[in-house]
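Taken together, the values in this text are just the output of simple stated rules run on the coordinates, not laboratory data. All values reported here derive from a predicted model rather than from experimental measurement. Here the Cβ positions follow ideal geometry from the backbone for every residue, glycine too, while neighbour counts run over all protein chains shown.
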């Protein structure tokens, strides 16, 4: 097996709006670079490209443009390229120009920068062997949905809130670690762990990869500057770093550093126990499945229109007001389009005994755990916000329970199950 690695600095100019919150946050500093981390694997007959980006989401059009460039310059077909966003909330906004200050030149250049990382990785391949371990880390990730004493569900109700009755869902403590060794030394690691990358917080105006930056930094200190680590976020649509039962606030760069170093420690433990794994043969399958967009009652539509007609509501600069305004605008856009469904991609890359499942949205942890349990592969990594960014994909119960994720979802309550069924169907049909 051959493997090549490359890390590209894709930091935008200062002044670009930081993504992931409902307030304007123009970047005024670079705490650490925004990067694209590429890994190319070659079994002699098939090549695959894996690209992790320090972005909040990866728009489908960006994926399509990047894949086309990769195919043109390396011959790697589109279905053999997986591109994901780590979901850092301290990276550039790539979305609506009407809402956020951006740099159109950067957006235009980004596909070429991502493709360039893959081209560079493909030109640096060398013989490697692979090892795999599944570690456990249950101290830094928490389900962020809570059942309140009045029976409602709230997202992030606040540390120490006496109205919280119980947490309303699980976490996924798995730390999947694929280690690639070259010349008797560890050369790279692909790390799969489920937790929202919003540790630094909405008051931040610096570019940063959030806690994975500190994981990369710690691993580099141990293995040396030539070591390449890539972070792939697991299914964490309802997970984050906040324990509401704690006695102090968790957040900021200090907490991100603690989390990154803690995760790096688990990677080092995994290195000690990792067992050889066969990564051949390689197979790549990408299918498009149809998801139904959520529907709205006449009463809901009237409420959205009334909200947007309210001058005080429409001009709100508060985060909550911006979220509500955005939700109303998105809902009315769906209604106005007359479109009732959308086709999205589910991709499965089999690397011998390891399966990588790409889901194009913020997938709830319950689905990720289920896919790993039902996968026929010896080991499975579920990677969210891969090859697209379609928003929250909650369970049926969370969809009906509302709160932030349930009320934000663009698709109906069956979307998560439809995506899981497609992934399992592809897995069943691949060697």
Practice task
Report the residue count in the range 176-202 for those that are closer than 20 Å to residue 362 by Cβ and in contact with a helix residue (DSSP H, G or I) (Cβ under 8 Å, 6 or more places away or on another chain).
Solution key: 9
Exercise for the section: Considering each residue of the range 170-197, count those that are over 24 Å from residue 356 (Cα atoms) and in a loop (DSSP other than H, G, I, E, B), and give that number. Expected result: 2
Exercise for the section: Inspect the range 15-35 for any residue being in a strand (DSSP E or B), in contact with a helix residue (DSSP H, G or I) (Cβ under 8 Å, 6 or more places away or on another chain) and under 23 Å from residue 381 (Cβ atoms) and give the result as yes or no. Expected result: no
Fill in the blank from the handout: residue 417 meets each of (1) touching a helix residue (DSSP H, G or I) at 6+ places or on another chain (Cβ under 8 Å); (2) surrounded by fewer than 18 Cβ atoms within 10 Å (Cβ to Cβ); (3) within 25 Å of residue 177 (Cβ to Cβ) with one exception, condition (3)
Problem - Some residue of the range 244-255 being under 27 Å from residue 7 (Cβ atoms) and free of Cβ contacts under 8 Å to residues at least 12 places away in the same chain - result: yes
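A quick yes/no check of all residues on (1) surrounded by fewer than 18 Cβ atoms within 10 Å (Cβ to Cβ); (2) in contact with a strand residue (DSSP E or B) (Cβ under 7 Å, 6 or more places away or on another chain):
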residue	(1), (2)
62	no, no
72	yes, no
77	yes, no
104	yes, no
109	yes, no
119	no, no
128	no, yes
132	no, yes
150	yes, no
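Does residue 145 satisfy being surrounded by fewer than 21 Cβ atoms within 10 Å (Cβ to Cβ), in contact (Cβ under 8 Å) with a residue 40 or more places away in the chain and at negative phi?
no
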Practice task
Take residue 220 and decide whether it is closer than 19 Å to residue 385 by Cα and not in a loop (DSSP other than H, G, I, E, B).
Solution key: no
Exercise for the section: Go through the range 355-375 residue by residue and tally those that are buried (at least 21 other Cβ atoms within 10 Å of the Cβ) and farther than 17 Å from residue 144 by Cα. Expected result: 9
Fill in the blank from the handout: How many residues of the range 185-202 are under 16 Å from residue 37 (Cα atoms) and over 17 Å from the mean Cα position of the chain (by Cα)? The answer is 3
Exercise for the section: Filter the range 389-409 down to the residues that are over 17 Å from the mean Cα position of the chain (by Cα) and in a loop (DSSP other than H, G, I, E, B), then identify the one that is nearest to residue 286 (Cα to Cα). Expected result: 395
Problem - residue 63 more than 21 Å from residue 256 (Cα to Cα) and part of a helix (DSSP H, G or I) - result: yes
Exercise for the section: Within the range 139-156, identify whether any single residue is more than 23 Å from residue 240 (Cα to Cα) and under 20 Å from the mean Cα position of the chain (by Cα), and answer yes or no. Expected result: no
